[in-house]
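For reference, the structure is listed below as structure tokens.
The values are calculated or read from the model by the stated rules, or taken from the named source; none is laboratory data. These numbers were taken from a predicted model, which means no experiment stands behind them. Heads up, the Cβs are rebuilt from the backbone with ideal geometry, glycines too, and the neighbour counts pull from every protein chain shown.
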Amino acid sequence: MVSPALDDEDEIEEEEEVDREEEITKSIISTGHPEIDKKLGGGIPIGSLILIEGESDAGKSVLCQQILWGSLYDNYKVLLFTSENTVRSLVVQMNSLGMDILDHLLMGWLKLYAMKLSKVRLTAAYDTLQIILEAIESHKDFDLVIIDSLTPIVSQTGGEEALAYFERCKSLCDKGKTIVNVTHTYAFDHDFLIRVCSACDAHFRLLIDKVGDKLVKTLEVAKIRGANLTTGNVLTFDVEPGIGMKIMPISKAKA
């Protein structure tokens, strides 16, 4: 016969295990895609400064939309600065990928700033970075911030101005924000990209590879600090209507 005392101890241990699991869950932001989360070591650690850089059409915006969708369904509020979409086009595009965000927009859990970067001149580029930072600071209850993309802005600023922007972002992350900056690889020269990456907690690189007679998109997890699990380095994917990011086994991609 098992004593009640032992039963109580078992219940306490079970409760503590549940609490530990909940604490781990709260410390990361899921992309909503198990295979991507696995490659990221469980998800994106909260409070991270992230750089997503890559070639044109390599899937940078789709990856951001996947992170955005997963965050919303994990009950995080998201602030999106985009030069790629309006509210209407974002809803339509994400619906086409099987990711419905309309309710979150209507409830105010997702707020979008459309950046009209055609109006950003050389003298205004630095001011634009300051406006972005001020908007982030003013939305204190928003957990995740995505800027897609910085390319037209940082390509018109001096290197020190862009670095100062990333340093300000880092200070906001230290206060609990998770900030994702997106840029084309060509926006920075090699030496400056190294400096930016060193300031970031995570660095994801997107490439287009030719495998046989087909082009595939590749996500390389170059760096991720504070991941709960060991990360994998490379993930190959395609983008399919109604599905979004479809992960391809390496063996299949090479076939």
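Taking residue 134 as meeting all but one of (1) surrounded by 17 or more Cβ atoms within 10 Å (Cβ to Cβ); (2) farther than 19 Å from residue 71 by Cα; (3) not hydrophobic (A, V, I, L, M, F, W, C), write down the number of the exception.
It fails just one condition, (1).
Which one of these does residue 183 not meet: (1) under 18 Å from residue 28 (Cα atoms); (2) out of contact with any Gly (no Cβ under 8 Å at 6 or more places or on another chain)?
Status for residue 183: all satisfied but (1).
Kindly provide the set of residues from the stretch 103-115 that are surrounded by 13 or more Cβ atoms within 10 Å (Cβ to Cβ) and in a helix (DSSP H, G or I), ordered by number.
The answer is 104, 105.
Quick test for you: out of 36, 46, pick the one residue that is among the β-branched types (Val, Ile, Thr), more than 14 Å from residue 97 (Cβ to Cβ) and in contact (Cβ under 8 Å) with a residue 12 or more places away in the chain.
46
Are any residues in the stretch 5-34 at pLDDT 55 or above and either hydrophobic (A, V, I, L, M, F, W, C) or surrounded by 16 or more Cβ atoms within 10 Å (Cβ to Cβ) (or both), and if so, which ones?
28, 29, 30, 31, 32, 33 - these are the residues of the stretch 5-34 that are at pLDDT 55 or above and either hydrophobic (A, V, I, L, M, F, W, C) or surrounded by 16 or more Cβ atoms within 10 Å (Cβ to Cβ) (or both).
How many residues are within 12 Å of residue 151 (Cα to Cα) and β-branched (Val, Ile, Thr) if we restrict to the stretch 44-63?
Counting residues in the stretch 44-63 that are within 12 Å of residue 151 (Cα to Cα) and β-branched (Val, Ile, Thr) gives 1.
So which of 162, 199, 187 ends up being more than 22 Å from residue 62 (Cβ to Cβ), modelled with pLDDT under 95, of a type in the set (A, V, I, L, M) and surrounded by 17 or more Cβ atoms within 10 Å (Cβ to Cβ)?
162
Of all residues in the stretch 39-89, which are surrounded by fewer than 21 Cβ atoms within 10 Å (Cβ to Cβ), charged (D, E, K, R) and assigned to a helix (DSSP H, G or I)?
88, the sole residue that qualifies.
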